[in-house]
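Undergrad: Got a structure for you, questions after.
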Amino acid sequence: MTQPIIQTKNLVRKYGAFVATDNVTFSMSAGERRALIGPNGAGKTTFLNLLTGQVAPTSGSVLLAGEDISNVPMHHRVRSGIVRTFQLNTLLRESSVLENVQLAVLERRGVGSRMFGGAREQREAAEVAMDILKKLGMASHAGHRISALAYGRQRLVEIAIALALEPKVLLLDEPAAGVPPADSHLVMDTIASLPGDIAVLIIEHDMKLVFRFAQQISVLVRGRLLTEGTPAEIAADPQVREVYLGRAHHA
Ligand SMILES: Nc1ncnc2c1ncn2[C@@H]1O[C@H](COP(=O)(O)OP(=O)(O)O)[C@@H](O)[C@H]1O
Ligand SMILES: [Mg+2]
């Protein structure tokens, strides 16, 4: 068996007496496409925050390529390749799509965002940014201001910026949330076509999107991993059906 790219072992996060993450042992291999599903409040976002380092575990560990990173701060984890999409409000709304992605490339290369580096660094970063936009089918929007983009396209810029940070593991928390149904396929098609060497973990409520995208699905209920399996296995799982018929529809 090859080494998982990311793993958790007996991961626990408590808030007071409340157990938000309950002994989660989880792993993903390089390039895997995984969905994390579960009712609202199941602890999906908390789990993702434990992977990025935004939230510290109460106990248990997080490993990247076999190395324990439980105590590594978030910005170092980004450098080592654990990247989540940034929220829209971190985008420079009156700058162009290309400028936003270019900034992320410069950031990744250690050229501080205040000191924009020399003309050559600038040009190279713009080229890398443009390549990313081409891969995402966004080349024709490169010169557009963020504020002038449709919401679905803005969400794609978040993904472009994440790619500029050269992820090994890309974490997406409801990337199609709030995107009009007419555009949600655009977001999911883009995610489906991400480079094959990146492991992608997506939290998504829309089961149609989940079943189209995921090779494996992990089901989280009340902080615990209820079950994991292929889309077909999960669809046929009586426990999952019960959770989704019983509770998730209120979510
Ligand atoms: N900082 C916090 N303090 C207290 N409770 C929290 C905190 N963050 C999350 N929780 C609780 O943990 C549970 C799981 O939340 P969350 O991870 O956001 O669930 P999901 O993303 O699956 O909807 C919720 O009951 C939430 O209220
Ligand atoms: Mg959430």
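The values are calculated or read from the model by the stated rules, or taken from the named source; none is laboratory data. Not measured: the values here are computed from a predicted model. FYI the Cβ positions are ideal-geometry reconstructions off the backbone, even for glycines, and counts take in every protein chain you see.
Undergrad: In segment 188-210, what count of residues is obtained for those that are within 24 Å of Ala42 (Cβ to Cβ) and modelled with pLDDT of 90 or more?
TA: 8
Undergrad: Just the residues that are at pLDDT 90 or above and in a helix (DSSP H, G or I), please, taken from segment 83-107.
TA: Hits for segment 83-107 are Val97, Leu98, Glu99, Asn100, Val101, Gln102, Leu103, Ala104, Val105, Leu106.
Undergrad: Looking only at segment 181-209, filter to residues that are surrounded by 20 or more Cβ atoms within 10 Å (Cβ to Cβ) and within 16 Å of ligand 1 (Cβ to nearest atom); which one of those is farthest from Asn23 (Cα to Cα)?
TA: Out of the qualifying residues, it is Glu204.
Undergrad: Taking the criterion of being touching a helix residue (DSSP H, G or I) at 6+ places or on another chain (Cβ under 8 Å), among the basic types (Lys, Arg) and more than 17 Å from Leu11 (Cα to Cα), would at least one residue in segment 99-118 satisfy it?
TA: Yes, that holds for at least one residue.
Undergrad: From Gly31, Gly38, Gly43, grab the single residue that is on the phi > 0 side of the Ramachandran plot and away from ligand 1 (no atom under 16 Å from the Cβ).
TA: Within the list Gly31, Gly38, Gly43, the selection yields Gly31.
Undergrad: Would a scan of segment 33-40 turn up a residue that is under 18 Å from the mean Cα position of the chain (by Cα), under 22 Å from Val210 (Cα atoms) and small (Gly, Ala, Ser)?
TA: yes
Undergrad: While we're looking at this one, here's another question. Among the numbered criteria (1) within 20 Å of Leu48 (Cα to Cα); (2) modelled with pLDDT under 90; (3) not assigned by TED's automatic domain parsing to the domain that holds Phe213, which single criterion is violated by Glu158?
TA: It is condition (2) that Glu158 fails.
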